[in-house]
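Q: Before I ask anything, let me first share the structure, which is written out below as structure tokens.
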Amino acid sequence: MDLPHHGYRPTKTRARAPPPSADPLLFDDTSSSQPAMNSQGYYTPGYSMAAPIGGPQVDPAGNNLFADPMANAAMMYGSTLANQGKDMVNKEISRFMSMNKLKYFFAVDTRYVVKKLMLLMFPYTHQDWEVRYHRDTPMTPRHDVNAPDLYIPTMAFITYILLAGMALGIQQRFSPEVLGLCASTALVWIIIEVLVMLLSLYLLTVHTDLSTFDLLAYSGYKYVAMILTVLSGLLFGSDGYFVALAWSSCAIMFFIARSLKMKILSSLSTDSMGAGASAKPRLRLYITVATAAFQPFIIYWLTSHLVR
Amino acid sequence: MAFTLYSLIQAAILCVNAVAVLHEERFLSKIGWGVDQSVGGFGDEPGVKVQVMTLIRSVRTVMRVPLIAVNSVCIVLLLLFG
């Protein structure tokens, strides 16, 4: 099953260094005398003295792998190519989005994830919704429960796709195309929602520090609610689905309203004029309420066809 | 409805094309949305209308040349592959 990555996990993709697949034709002409002798020169001292001379390719333990000098040369060539490719990809990607900003959103730990999940499903008793700052930079999610992160939305998105596949499979309606369709539909709705939020925040000149990734994070939290509703729909049938839909909709609406209230409504300038101040808080309130009210509809829209 | 990423790209191209065909002096000035009517008061309150006008103007300026390329590619692809 080929899951779309969409650039959310750069560290994971980079950690799997590609194994070098050298074309033997590349080394055929030169394989007669010289590289073999050079490599032999590397190997024999390595085997006899058991001391690393030439660097990474001398490994007395890996007899089978390094017995063939051509494979070793191929591996060196391949790793050079991989490093060049990696540098080029990093340079290109960092032109579009800064990796440091993205790393902030993935700096989570288990305690944060557990607390945040409980907060998403039961936010009514949480008292302090302020995002704490540490010398002008927002604290990472490890230190602050209220900070948005992108780890939970990413994981929830993938879990939702898997759950959708399972739900369709239980009803004998599964085929691999449906999985891709479900994934791209959910992704497109998220993109539309983030774009509409950005547009409305721009048009109403709301000066917040909400970046695109923040909005993406807050939009992605609804996947947790979707997972909960689909699970209870699968376990308890149609009644369980509607009960869980009502519960998680209220929870997500409350969560989004409280979180965005902190960011949008409280960023009013201190010296706003009398005539202007009456319009702006009202419009900002409309934005917050509309965002919160949109969540149950999209949760219902994206999950109802899974639970008949 | 089942969206694909391709339908999102199509919708985006159509919307940007729609914004790009709004002519400055033939249409926008006639309905009071021209660029000369947007220099408003100073203060920190541009207002929704001024923001919309600024947005339309900047989209038209920025996307004029890329739209030519994207539209040509779309036309060729649709002619070839239906």
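The values are calculated or read from the model by the stated rules, or taken from the named source; none is laboratory data. What you see is a predicted model; the values in this text were computed from it and never measured. No Cβ is skipped: glycine too gets one built from the backbone with ideal geometry, and neighbour counts run over all protein chains shown.
Q: When the range A:181-209 is examined, which residues are found to be touching a Pro at 6+ places or on another chain (Cβ under 9 Å) and at pLDDT below 90? Explain how you work it out, then say what you get.
A: Going residue by residue through the range A:181-209, those that are touching a Pro at 6+ places or on another chain (Cβ under 9 Å) are A:183-184, A:187, A:190, A:205, A:209.
Residues satisfying the conditions are A:Thr205, A:Asp209.
Q: Which of (1) buried (at least 18 other Cβ atoms within 10 Å of the Cβ); (2) more than 14 Å from every other protein chain (Cβ to nearest Cβ); (3) part of a loop (DSSP other than H, G, I, E, B) does A:Gly233 not meet, given it meets every other one?
A: Evaluating A:Gly233 over (1) buried (at least 18 other Cβ atoms within 10 Å of the Cβ); (2) more than 14 Å from every other protein chain (Cβ to nearest Cβ); (3) part of a loop (DSSP other than H, G, I, E, B) leaves (3) as the failure.
Q: Among the helices (runs of 4 or more DSSP H) confined wholly to the range A:139-220, which include 3 or more residues that are within 14 Å of chain B (Cβ to nearest Cβ), buried (at least 18 other Cβ atoms within 10 Å of the Cβ) and not basic (Lys, Arg)?
A: Output list reads A:176-203.
Q: For the subset of the range A:123-138 comprising residues that are out of contact with any strand residue (DSSP E or B) (no Cβ under 8 Å at 6 or more places or on another chain) and within 30 Å of A:Thr229 (Cβ to Cβ), which member is surrounded by the most Cβ atoms within 10 Å (Cβ to Cβ)? Explain how you work it out, then say what you get.
A: Residues of the range A:123-138 out of contact with any strand residue (DSSP E or B) (no Cβ under 8 Å at 6 or more places or on another chain): A:123-130, A:133-138.
Cutting the leftovers down to within 30 Å of A:Thr229 (Cβ to Cβ) gives us A:123-130.
Working: A:Pro123: 19, A:Tyr124: 10, A:Thr125: 7, A:His126: 15, A:Gln127: 4, A:Asp128: 9, A:Trp129: 16, A:Glu130: 9.
Applying the filter and picking the extreme gives A:Pro123.
Q: Related question: Would you check if A:Tyr112 is within 20 Å of A:Ala244 (Cα to Cα) and either away from chain B (no Cβ under 14 Å) or outside any helix (DSSP H, G or I) (or both)? Working first, answer last.
A: Numbers: within 20 Å of A:Ala244 (Cα to Cα): no; either away from chain B (no Cβ under 14 Å) or outside any helix (DSSP H, G or I) (or both): yes.
No; evaluated as a whole, the condition is false for this residue.
Q: Right, another one. Just for the range B:1-31: of the residues that are among the β-branched types (Val, Ile, Thr) and away from every other protein chain (no Cβ under 11 Å), which one is nearest to B:Arg57 (Cα to Cα)?
A: From the range B:1-31, those among the β-branched types (Val, Ile, Thr) are B:4, B:9, B:13, B:16, B:19, B:21, B:31; that's our starting set.
Filter again for away from every other protein chain (no Cβ under 11 Å), leaving B:13, B:16, B:19, B:21, B:31.
Details: B:Ile13: 17, B:Val16: 12, B:Val19: 9, B:Val21: 11, B:Ile31: 15 Å.
Checked the range B:1-31; the qualifying residue nearest to B:Arg57 (Cα to Cα) is B:Val19.
Q: Could you say whether any residue in the range A:189-212 is in contact with a helix residue (DSSP H, G or I) (Cβ under 6 Å, 6 or more places away or on another chain), of a type outside the set (Val, Ile, Thr) and within 23 Å of A:Gly240 (Cβ to Cβ)?
A: No.
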